[in-house]
Each structure stands twice: as C-alpha cells, then as structure tokens.
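The values are calculated or read from the model by the stated rules, or taken from the named source; none is laboratory data. Every value quoted in this text rests on a predicted model; they were computed, and no experiment measured them. In this analysis, Cβ positions are derived from the backbone assuming ideal geometry, glycine residues included, and neighbour counts consider all displayed protein chains. We work out accessible area using only protein heavy atoms, side chains counted, and drop any ligands, DNA or RNA first. Shrake-Rupley method; radii C 1.70, N 1.55, O 1.52, S 1.80 Å.
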Amino acid sequence: MSIDVKKVKKNAFRITKQRGKTALRIRVPGGHLEVKYFDIIKEIAEKYGDGTVHITIRQGFEVPGIDFDKMPEINRMIKPIIEGLELDIGVNIDDPEAGYPAAGTRNVSGCIGNKVCPFANYNTTDLTRKIEKEIFPNDYHVKIAVTGCPNDCIKAHMQDFGVIGITEPQYDEGRCISCQACVKNCRKRVTGALKFENYTVVKDEDRCIGCGECVLKCPTGAMTRSKEKYYRLVIMGRTGKKNPRIARTFLNWVDEETVIKVIKNCYDYIDEYIDKSLGKEHVGYIVDRTGYNVFKEAVLKDVKLRTKAKIADYIDFGGYMYERNRFFSEVSR
Amino acid sequence: MGYQLLNKDFNDILNQLKSEYKIYGPKRFENKGRFSDTDVIGYGEIDKLEDIVLDEKTYFSPKEIIYPIRQTLFYFTEDEVKVPDAPEDKVIVFLRPCDINGIKRLDTIFLENGPYKDVYYERLREKVKFFMIECTEGFDSCFCVSMNSNKTHDYAVAIRFNEENVLIDLKDRDLLEYFENYGKAEEFTPEYIKENKAKVSIPYPEKVTNEMFEHEVWQEYTRRCIGCGRCNTSCITCSCFTMQDVYYDANKKVGERRRVWASCQIDVFTNMAGGHGFREKQGQRMRFKTMHKINDFYKRFGFHMCVGCGRCDDVCPEYISFSKCINKLYSIVEEGNNDEK
Ligand code: SF4
Ligand code: SF4
Ligand code: SF4
Ligand code: SF4
Ligand code: SF4
C-alpha cells in the first residue's frame, strides 16, 4: 500500500494504529455548530467508518475506521462543513472539495461564553471565529483557546495562547446600598480585591482580575461592566512529555485587536526561529530556546498597546520537568 | 383636555418642557445589564419620545427619582449642621398606573405614617408630575388587577402611544400652555388593563393568624432564597432605609449623615447594636416581607402595600415568584390546604 503520509496528515486525516485505516478530523471553531452538520458526520461514520465518532478535547470530531482510498469522496462530502464553519467566517480555502488544507494549527476552541453563560464577559464564539480566520490554514503547531471569564472552563491555561475575557467593574457610588455582596463574594471566591471603607466599596486595582463577579452580585446596578472589553492573554501552557506547565500571563487588560495581532505575529516568529531540521516543532519549545524576550519583541511588532495594558517583564514558566537533563546537550567533538 | 399630537410635535413639547422640568422615563441603558452585552431598562432622563422603552418592563422602579438610593440628610462639622438645598428642578416622570399607585404607597409611608412628614421625601415629591403611560397589556408577571392598582386618575397627563402620534389627556392646567398650540383637540380617556396573566388571591388579613407565622411554608424560602435583596431594590413600594454617618476626616469631626436604601432580605437588616439579628433565616425574611406587603400595611392603612408590578418576580435570580407565594398563603389560610405545591 502506498500512502503519502505527510499529505494525508496535512489533509486532517490521521495515521492510525490499524493498517490501512485513517480517521477524519473535523474542526469546529469555538465548539459551536448547527446540528445540520451532524447529519454529514453521521453519514460518513456509518458509510465509511465504524459507526462511531470521537469528540476531541479541542472540540472537533474524529471519525475513525476509514479506508484511505475513500478520502477524496469524504472530502467532497464535508464541503458544506468547510463552507459553513470555515469559508463563511472568512477563512480562505482554495478548494473546499479537497478537505482541510492544513492540520498543524489546531482547532481554536472556546467555552460557551455569553451566548449562555452568565459569568461570561463576551461572545467567545465570535472571537474564536475571528482568530480562526486569521490563522487558518497553517501548518505550524499552535494551540489556541478562548474562555469567557477567569473561571477558564475551556482550560485556556493549557494552551499556547489562552484568551481570557475580563471587564473593568465600574462603581457608581450613588447607587450603592452598602450591602457588601460584592465585597464578600470577591473575598470568598476571587482575590479579595474589594474592601468596604466608610460605607463605600474600594477596589485594589492590582488585585482585581476583572472577572465581573461583583457585577453579577450587585442588586442595584451600582457595579456594572466597562464599555470596553478587555482580555488577558496567557501563553505557552502545555502538556507533553518533557515539561508540562500551565500558561502564564503575558498581556493583561488588552483589547481584542491586540490579542489577534499578537497571535498572528507569532506565526512570523515561528517562521523565523523554528528548528528547520526537525520538520515540526511546537511553539512552546521554540520559546524555550529563544527566550521570552525574543518572543515578546517579535509578537508585539506593530502592536499599539493602550495605556491600561500590562506586559509581563519576565516569565517564569515553571511547570515540572520529567527529566531535567533532557534540557542539556552534550558538546560534540 | 384631550389632544392628538404627531410624535414630532410631542417631542417639541418635551423640548420646551425641559427648560423647566427634568424629564424621566423608562429607558435603555446599553451594556449595563447584569450579564455582558445585555442592557438594562431603568429610569433616567430622556430627551424624546423615542428614548422611552415601552415594550419591556423596567428592571428598577422609578422610586429612585423621588427617594434616592443614597441621600445626604445633612453635613456636619463640630458645631454646625447644614441641610443640603432641595434640588431646584421640577420633575416629570413617565410611568405606568401601577407605579403611580406605588408612589402613593411611598407617600403613605413617608408623609402619613408618623406624626411628622418626611421633609426630604416631601420636597422632592412635591416637584413631581406624573405622565401616565397607558397600560392595557401588561407583562407576564404583572398582577396589578388583583392588587387593584391597575387604574389611577392621579396624573398630570395620560398618554396613549400610537405608531405616529400620541393621544393625550391633560389634567394639569399648569401644562396647558405647552400643549394648546399643538395638534388638534380630541377627547381621550385612557384605558386600563382588565386582566393579567398572573393573578393572586389575598388571604383576608384578619384570618392570618400566628399559626401562619410558624407555618412550614416559609421553610421552602429558607432553602431557596439567597438573600440578594433584588426583590427589594427593584420594588416600587419598598421604602426601608438605614442611616450612615460618613466622616471625611480621620478625627471624625466633619462628615455627612445620609440615608441609604435597606433591604429586609439582606443579612444586616435586622442587626441591632451588639450584632444580634432577629430574622436569621431567609424564610423568616420572606414572611416578614410578605406580611408587610399584603397584610400589616393593609391593617394600618386600608389598602395593600404591594401594587403587583411583578418586578420582584422578574429580578429574582432564584426564580422565586411573589405572586405564587401569595397564592400559597391564600390556599393555606382560606382553603386549609397545607400540602406543599
Ligand atoms: S469560562 Fe467563564 S464564561 Fe466560559 S463557561 Fe466557564 S464560567 Fe462561563
Ligand atoms: S472583577 Fe472580580 S476580582 Fe475584580 S473586584 Fe470584581 S469580583 Fe473582585
Ligand atoms: S453589591 Fe452593589 S450595592 Fe452592594 S455593596 Fe457592592 S456595589 Fe454596593
Ligand atoms: S412586592 Fe413585588 S409585585 Fe409587589 S410592589 Fe414590590 S416588586 Fe411589585
Ligand atoms: S430576589 Fe429572590 S433570592 Fe434575592 S432576596 Fe429576593 S427572594 Fe431572595
């Protein structure tokens, strides 16, 4: 059997443990889709696969048990999915009958956001789509997720880029009845950023993480959300076999435009610094090699930060090493 | 006096009125809802008819216009007290019949309850003219008809909003000069809603005994209510307040005394000196509120405090319905029905 494995993978089909069988991967930016697409997935699974589908951690679908030679047929079948979930949101794919043109940059996942969740500070689906439009198709291995609030239900902290929606609570003293619901809740469930002094709520700007819980608690509308939407961008979280670690804050209190631009810039950074001998290299390990400062400079290129924005001076990524010596190379003679 | 006015003429009149009055109405506050990207409908100053939101009920009531959430009663120094001047502007409020009746309840509490009138309330209240929004449809949670507060004749102007024009019944002759040059005379009598979707039956006050006080029905609210106080802060008739002495300086010699809305569902409401609170359980608080709204107030004044605006129902995050609570009481008291429903 002759199969161009690299081509197959790039086309979003998998090499599986079962010889001769592949699995189709379907992207669902933001994890939200119209159910009409289920019919197509179902038909593929029943007709070409083993009648099952796996829901991936990245909010895609994986349809296993497919013969390699059925790929072109299946690619034609998923055309409406590619059109509806990619082309319609502005992603550029030349031939929508030929399946996905890349698989390196993974599906941009998102929590349910403010379509449903009361905690959410914005519409996560919209943002995942805007990001997908800018970065897909692309072969570089980058994982991105967006989450509606610092509860981080999507686990943005396990991504190369995690976008966390925040708000800057606006306090209207004249509407405050001093019930302290906001103060008590922030102390109990968040960071204790609020204090009650002289019958008035006082906020410690440095402690406030912008979750918006105080807004939810306030019975009079004395605490409301800021008109501007803000984001915290955490970076280089990962799992993996070397050094699993949680993402750290890179930018805080930035706008949507900045988030998108920084992620886009990262592809140029990868292009320049990727270890070309490897064929593929996950972005986190590139940052390990170049150091944070090189990364920072590259991704902030042409980014205009507003005054409220904060940038990390230094990041201690931490995490744990399975084998510390793995990060040493021997001097070859 | 009845008039038919084109919307633009009505807006002209509003514009002229603005030289003499602050004009408030139900309006949309964009992105100020509890949840992100949601609005809240509340009371604020309006410029034109189009600012008035008619197809949604307000989350907050208009009471804050005459009974501010935080109100400075006086400023003090070591040896002087200064009462702030009353605001000069006269006020026009666009509101529905239930809310006009609600403000009547506030009048009763602030002006007729004790031996003295509440001057702070009075000096704002006497500046207010009601522009009644004709209300014939209501909203899902309204039960004004049951509370006999669906009608009122106490208005300066009553308005029916049509697509392109408004019909006006003008009662207040002070305003005649504003209206007489516009539009054409046309008799108009406002109609009132005849039936709500929600209805309540109120147990006859004398029949509510101490047994009801201890009844297990309140336990459900101990379990369900989170004591957030929204039912009180949105209510047109809740009038309780607390006092705060705020010092501006560290040696506590200069400052202000103000009053601030209080809520009987919130923790600190019954706290007394020493920290003891006497209605610790949410169910007890619900009982207190319910009895005040549909029992005790009636015994004192001959009409119920609650006007059935239904806001407490709309805003409760735990989906506790006050009209359902009233009906439960009725079924217990009047029908001897003790089954949980
Ligand atoms: S992360 Fe926040 S907004 Fe998203 S689902 Fe969780 S709680 Fe809701
Ligand atoms: S936004 Fe969150 S962290 Fe900031 S004050 Fe409110 S509850 Fe506290
Ligand atoms: S929850 Fe609202 S009313 Fe209560 S203390 Fe906080 S800001 Fe004031
Ligand atoms: S108790 Fe509820 S229904 Fe009655 S006046 Fe108050 S908010 Fe309106
Ligand atoms: S709004 Fe509902 S939960 Fe909040 S205090 Fe009132 S009854 Fe309790």
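Backbone phi angles across region B:19-24, fed through the Karplus curve with coefficients 6.51, -1.76 and 1.60 (θ = phi - 60°), yield HN-Hα couplings of 5, 10, 10, 8, 10, 10 Hz in residue order; Gly and Pro are listed as x. The phi torsions of region A:147-158, fed into the Karplus equation with coefficients 6.51, -1.76 and 1.60 and a -60° offset, translate into couplings of 9, x, 7, x, 4, 6, 5, 7, 6, 4, 6, 9 Hz, rounded to whole numbers, with Gly and Pro shown as x. Taking Cβ atoms as reference points and 14 Å as the exclusive limit, the residues near A:Lys155 contribute a net charge of +3, counting Lys and Arg as +1 and Asp and Glu as -1. Directionally averaged projected area (region A:170-224, Cα convex hull): 3.2 nm². With a threshold of 19 Å on the Cα-Cα distance, the over-threshold entries among A:Lys229/A:Lys304; B:Lys199/B:Lys299; B:Lys151/B:Lys199; A:Lys21/A:Lys242 are B:Lys199/B:Lys299; A:Lys21/A:Lys242. Ranking B:Asn295, B:Cys98, B:Ile13 by how far each Cα lies toward the positive end of the dipole of chain B (charges on Cβ) leaves B:Asn295 at the top.
Cysteines of chain A lacking any other cysteine Cβ under 4.7 Å from their own Cβ: A:Cys117, A:Cys149, A:Cys176, A:Cys179, A:Cys186, A:Cys208, A:Cys211, A:Cys218, A:Cys266. For region B:174-314, the alpha-carbon radius of gyration amounts to 1.49 times the rule-of-thumb value 2.2 N^0.38 Å expected for a compact globular protein. Pop the C-beta distance of A:Glu73 and A:Glu134 into the FRET formula with R0 = 35 Å and round what comes out to the nearest 0.05. Efficiency for this residue pair is about 0.70. Averaged over peptide A:181-190, the number of partner chain Cβ atoms lying within 10 Å of each residue's Cβ comes to 1.
Each Lys and Arg contributes +1 and each Asp and Glu -1, all at the Cβ; summed about the Cα centre of region B:116-190, the dipole is approximately 380 debye.
For A:Ser226, the amide hydrogen comes within under 5 Å of the amide hydrogens of A:Glu168, A:Gln170, counting only partners 5 or more places away or on other chains and with H modelled in the peptide plane. Expressed per residue, the C-alpha convex hull volume of region A:49-112 stands at 112 Å³.
Computed per residue of chain B from DSSP H runs no shorter than four, each worth -39500 (n - 2.57), the mean residue ellipticity at 222 nm is -6000 deg cm²/dmol. Once backbone amide H atoms are built at 1.01 Å from N, B:Ile193 has B:Cys135 as its partners under 5 Å, excluding neighbours fewer than 5 places away on the same chain.
The dipole here belongs to the protein assembly as shown: it is taken about the Cα centre, uses +1 on the Cβ of Lys and Arg and -1 on the Cβ of Asp and Glu, and is about 2820 debye. A simple count of charges around A:Lys47, restricted to other residues whose Cβ falls under 15 Å of its Cβ and scoring Lys, Arg +1 and Asp, Glu -1, yields -3.
Summing Cβ point charges (Lys, Arg +1; Asp, Glu -1) relative to the Cα centre of region A:170-224 gives a dipole of roughly 300 debye.
Hey, which of these cross-link pairs are over 19 Å Cα-Cα: A:Lys261/A:Lys308; B:Lys22/B:Lys57; A:Lys264/A:Lys308; A:Lys133/B:Lys32; B:Lys63/B:Lys127; A:Lys115/B:Lys32? From A:Lys261/A:Lys308; B:Lys22/B:Lys57; A:Lys264/A:Lys308; A:Lys133/B:Lys32; B:Lys63/B:Lys127; A:Lys115/B:Lys32, over 19 Å: B:Lys22/B:Lys57; A:Lys264/A:Lys308; A:Lys133/B:Lys32.
Which of B:Ile159, B:Phe143, B:Tyr178 sits closest to the plus end of the dipole of chain B, meaning its Cα is farthest towards the positive end, when Lys and Arg get +1 and Asp and Glu get -1 on the C-beta? Towards the positive end, the residue furthest out is B:Phe143. Taken per residue, the accessible surface of the protein assembly as shown reaches 50 Å², heavy atoms only and a 1.4 Å probe.
Would you mind giving the total buried accessible surface between chains A and B, with a 1.4 Å probe and ligands, DNA and RNA left out, rounded to the nearest 100 Å²? Summing both sides, the interface buries roughly 2100 Å².
For B:Lys207, the shell of other residues with beta-carbons less than 15 Å away shows a net charge of -3, using +1 for Lys and Arg and -1 for Asp and Glu. Based on C-alpha pairs under 8 angstrom that are at least 6 apart in sequence, region B:193-340 has a relative contact order of 32 percent. Here r is the Cβ-Cβ distance between B:Glu195 and A:Asp39 and R0 is 56 Å; the resulting FRET efficiency, rounded to 0.05, is 0.75. Across chain B, Cα pairs under 8 Å and at least six residues apart give a relative contact order of 21 percent. Comparing B:Val208, B:Val53, B:Val83 in a Gaussian network model of chain B, where Cα atoms under 10 Å apart are tied by springs, the biggest mean-square fluctuation is seen for B:Val83. The convex hull defined by the C-alpha atoms of region A:1-131 has an orientation-averaged projected area of 8.1 nm². Taking label points 7 Å from Cα along the Cα-to-Cβ direction, A:Lys47 and A:Phe328 give a separation of 5.9 nm. The average projected area of region A:133-212, computed from the convex hull of its Cα atoms over all directions, is 7.1 nm². When all alpha carbon pairs of the protein assembly as shown are counted in 10 Å bins from zero, the resulting P(r) reads 3, 12, 18, 18, 16, 14, 11, 6, 2, 0, 0 %.
How much of the DSSP beta bridge set in the protein assembly as shown is antiparallel, as a percent to the nearest 5? Around 75 percent of the beta bridges assigned by DSSP in the protein assembly as shown are antiparallel ones.
In this calculation the C-beta distance from A:Thr16 to A:Lys301 is compared with R0 = 60 Å, giving a FRET efficiency of 0.90. Counting only residues at least eight positions apart within a chain, or on another chain, the lysines with an alpha carbon under 18 Å from that of A:Lys36 are A:Lys47, A:Lys79. When you restrict to C-alpha pairs under 8 Å that are six or more residues apart and normalise by the size of region A:170-224, the relative contact order lands at 43 percent. Computed with every protein chain present, the accessible area of B:Lys324 is close to 110 Å² [probe 1.4 Å].
Working note: Cα atoms of chain B, range along each principal axis, descending, whole Å: 62, 60, 46.
May I ask for log10 I(q)/I(0) of region B:90-183 at q = 0.10, 0.11, 0.14, 0.17 Å⁻¹, from a Debye sum over the Cα atoms as equal point scatterers with solvent left out? For the requested q values the scattering log ratios are -0.33, -0.39, -0.62, -0.85.
For chain A, leaving out every one of the chymotrypsin sites (Phe, Trp or Tyr not before Pro) that falls in a DSSP loop and has at most 13 other Cβ atoms within 10 Å, the longest unbroken run is A:1-313. Of the whole protein surface, B:Met1 contributes about 100 Å² of accessible area at a 1.4 Å probe radius. Using a cut-off of under 20 Å, list every residue of region A:153-197 whose amide N is near the label point 7 Å from the Cα of B:Glu318 along the Cα-to-beta-carbon line. Output list for this probe position: A:179-186, A:188-189. Ordering A:Asn265, A:Leu233, A:Pro96 by Cα displacement along the dipole of chain A toward the positive end leaves A:Leu233 in first place; charges were set at the Cβ atoms of Lys, Arg (+1) and Asp, Glu (-1). Among beta bridges identified by DSSP and lying wholly in chain A, the antiparallel ones come to about 85 percent. Highest mobility in the GNM of chain B, judged by mean-square fluctuation with C-alpha springs under 10 Å and restricted to B:Asp37, B:Asp99, B:Asp118, is found for B:Asp37. With a simple spin-label model that places each label point 7 Å from the Cα along the Cα-to-Cβ direction, the separation between A:Asn293 and B:Ile226 comes to 4.8 nm. Spread over its residues, the convex hull of the C-alpha atoms of chain A is 171 Å³ per residue.
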